[in-house]
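Worksheet for the structure shown next.
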Amino acid sequence: MSRTAVIVFAIVVVLFAVSWVAKAVVLSDTSDSGTLDAFLVTVAAFLTLAIYSFLYKDNPYYKFAEHLFVGVSAAFWMCQGFWTTIVGNLLPRLSEGMANWFMQPYQPGGYDLGFLNLSYTVLYWIPVILGLLLLMRLSPKGGWLSRWPLALIIGTTAGLNFVRYLRSDFIVQVSSTFVPLLGQEPHQWQGIGAFFSNFSLDASGQFVALLANWVIFIGVFCGLVYFFFSKEHTGLFGRASRVGIWVLMITFGASFGYTVMGRISLLVGRLTFLFEDWLGLIT
Amino acid sequence: MNNIGIIISLVLIFGGLLWLLIRSIGGHEVDRRVIFLFIFLSVAAPVIFRITFQEKATPVVEALFDRIENLPPGSNVLLSFDFDPAMAPEVQPMANAISRHCLNNGYNVVFMSLWATGQSLMTTTLSRVILPEFPELVDGVDYINIGYKAGNEGVLNVIVSDFRKMFPTDVNSVPLDSTEIFKDIKSCADLDLIIALGGGRPGPKEWVLFVGDPADVPVGVGVAAVVAPQLYPYYPQQIVGILGGVKGAAEYEQELTSHHERFADMDTPGIDMMGPQTLAHVVIMAFIVIGNIVYFRSRGKGGKS
């Protein structure tokens with residue numbers, strides 16, 4: 001470790017201590033756990049600054065904050081999964097003893113198939129066994145056993161998604177593209193005279209509603225033409241294809257604009273935290 | 001004091017941009033860290049000096065607001081918190097405003113999450129908004145927090161036919177069967193409206209695919225800006241309204257404060273964020289203009305394109 005790095009580290013430690021003490025003094029008037037709250041706010045503030053220090057250049061403080069985030073996230077999700085699903089859903093259906101041990105209400109029950117009555121206790125051992133088989137992936141010799149539950153997961157997911165996506169992302173989307181080009185509720189077409197006499201640029205007016213439908217129609221048509229490669233893109237076909245490219249570019253531009261807005265929101269959120277919760281510059 | 005601060009900040013930012021333009025035309029490159037500094041200033045100044053603007057709801061936001069506003073009292077509404085702290089600055093203001101709106105109108109609200117991180121953010125809404133502002137409402141009767149379950153789309157696939165198989169208890173281990181609110185709710189088909197708040201996967205899109213369309217339940221969404229464009233094709237057939245990013249949150253807050261006197265003085269973090277958004281966007285556009293001026297000028301001189 002170089003001399004400069006040691007000096008920077010010492011400065012960071014001193015600043016952290018000063019911030020903690022100063023914040024604890026401020027919070028002691030309003031909170032019983034002022035020291036702990038001050039520590040948590042200071043840690044959050046320094047981790048925020050550590051992440052943003054990457055904008056200057058890569059450094060060990062950024063690396064530390066990044067690795068801490070990944071580790072804590074993984075542990076958090078695992079613990080939540082264990083307590084909400086395994087403890088909350090699985091164990092109370094396997095045995096009354098385990099339900100009582102984890103202070104969960106026992107959930108007896110089952111499925112009556114008429115000729116066969118399957119209790120939860122029997123049924124829920126199947127996911128337990130499959131879950132344990134999944135962990136066999138960690139074993140050098142028994143790794144192949146994990147393929148069985150994995151196959152079940154992939155097969156079920158693919159089957160479920162196929163049906164849902166086919167309905168919602170294909171059939172309904174195609175039907176949504178068939179929009180009336182000459183007016184719809186509450187703006188039925190009543191002739192060119194009525195159209196111009198009621199002309200308005202208001203977002204809820206007839207003109208904007210019609211324009212939106214025409215944009216959808218032309219946009220979808222020309223976008224599809226652009227992706228039709230069995231015919232050379234020349235002449236009228238080529239011009240439609242060019243409109244299709246423009247539609248795609250405008251779509252990408254809108255997505256980028258929204259992304260910029262999202263990223264700025266994150267910065268606003270962090271700066272609000274630093275100025276309000278940590279430094280107390282704003283209330 | 002605020003006005004002086006705003007004026008000094010604007011002079012600093014736009015003076016700096018002019019100086020950069022002159023330097024760039026002179027052939028000097030702009031270090032990327034200078035751009036970061038300008039973005040920081042353009043966001044920090046409105047946060048500190050509170051620059052805000054009036055919002056006007058766009059039709060997609062108005063559609064969701066009207067749908068919620070016009071539900072009959074006693075309707076069952078589900079709010080799903082499918083987001084994490086990274087999305088919270090954008091999505092939490094929507095979650096708070098919609099929670100206020102639903103509870104104020106006397107609906108039965110079910111809170112749940114498909115994200116582990118959503119559960120703690122849901123607790124934040126409950127402890128900072130619902131408990132202090134609606135002390136008369138009773139947990140399990142007027143609203144309920146059924147928490148998080150792992151399983152992503154699998155969770156939705158179960159609750160579309162039976163809530164109790166996936167959520168036998170609420171977050172406090174109280175059996176759903178013993179709660180007043182779940183007396184008439186067996187599955188998602190018994191809900192009058194679902195509001196999916198999020199931006200990742202599983203999120204609003206999965207709610208449409210796995211619950212909204214199969215069970216024929218109206219779905220409204222409040223999403224992080226990054227995914228908003230991907231959801232517009234579902235409006236208005238499969239999604240009744242969209243709050244896209246902090247702009248959507250600000251518009252919804254404006255509608256809520258103008259329609260309900262009770263909320264006239266409520267916190268409006270969405271509206272507060274539109275000041276920094278506006279100034280930051282102006283600075284980004286200025287950099288695009290500066291970049292193009294320098295590019296075309298260098299091309300005109302026969303320089304590298």
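Each value in this text was obtained by applying a stated rule to the coordinates, not by laboratory testing. All values reported here derive from a predicted model rather than from experimental measurement. Note: ideal-geometry Cβ built from the backbone for every residue, glycine included; neighbour counts use all protein chains shown.
Before moving on, here are some points about what is shown:
- Across q = 0.08 Å⁻¹, the protein assembly as shown modelled as identical point scatterers on its alpha-carbon atoms has Debye log10 I(q)/I(0) values of -0.72, in the order of the q list.
- Expected 222 nm ellipticity per residue - DSSP helices of 4 or more, -39500 (n - 2.57), all of the protein assembly as shown, to 500: -18000 deg cm²/dmol
- Backbone HN-Hα couplings from phi across the stretch A:53-67 [Karplus 6.51/-1.76/1.60, Hz, Gly and Pro as x]: 5, 5, 4, 7, 5, 4, 7, x, 5, 5, 4, 4, 5, 5, 5
- Contact order normalised by residue count of chain A, Cα under 8 Å, 6+ apart, percent: 9 percent
- Cα gyration tensor shape for the stretch A:71-120, rounded if a/c is under 1.5, else prolate or oblate: oblate
- Here the translational diffusion coefficient of the stretch B:59-262 follows from Stokes-Einstein with Rh set to the Kirkwood radius across Cα pairs; for 25 °C and 0.890 mPa s it amounts to 149 µm²/s.
- Dipole-positive endmost among B:Cys102, B:Thr123, B:Ala44 within chain B (Cβ charges, Cα centre): B:Ala44
- Dipole of the protein assembly as shown computed with +1 at Lys/Arg Cβ and -1 at Asp/Glu Cβ about the Cα centre; of A:Val41, B:Ala196, B:Ile7, farthest Cα towards the positive end is B:Ile7.
- Cα gyration tensor shape for chain A, rounded if a/c is under 1.5, else prolate or oblate: oblate
- The HN-Hα couplings worked out from phi for the stretch B:55-64 by the Karplus form 6.51 cos²θ - 1.76 cosθ + 1.60 (θ = phi - 60°) are 10, 10, 5, 7, x, 5, 6, 4, 4, 5 Hz, whole numbers, x standing for Gly and Pro.
- Amide H contacts under 5 Å for B:Gly147, placed H, 5+ residues apart: B:Ser113, B:Val171
- Cα gyration tensor category, rounded, prolate or oblate, for the stretch A:115-205 with a/c compared to 1.5: prolate
- 29 Å Cα-Cα threshold exceeded, pairs from A:Lys23/B:Lys247; B:Lys149/B:Lys205; B:Lys56/B:Lys149; A:Lys141/B:Lys165: A:Lys23/B:Lys247; B:Lys56/B:Lys149; A:Lys141/B:Lys165
- Sequence-distant contacts, meaning Cα pairs under 8 Å at least 6 residues apart, place the relative contact order of the stretch B:59-262 at 27 percent.
- C-alpha long axis of helix B:88-104 to longest principal axis of chain B, angle in °: 40 degrees
- Evaluating 6.51 cos²θ - 1.76 cosθ + 1.60 at θ = phi - 60° for every residue in the stretch A:267-273, the Karplus couplings come out as 5, 4, x, 5, 5, 4, 4 Hz, glycine and proline recorded as x.
- Considering only alpha-carbon pairs that sit under 8 angstrom and 6 or more positions apart, the relative contact order computed for the stretch A:3-81 is 17 percent.
- Among beta bridges from DSSP that stay inside the protein assembly as shown, the antiparallel ones total about 20%.
- Hydrodynamic radius by Kirkwood, which averages 1/r over all alpha carbon pairs of the stretch A:1-110, in angstrom: 17.7 Å
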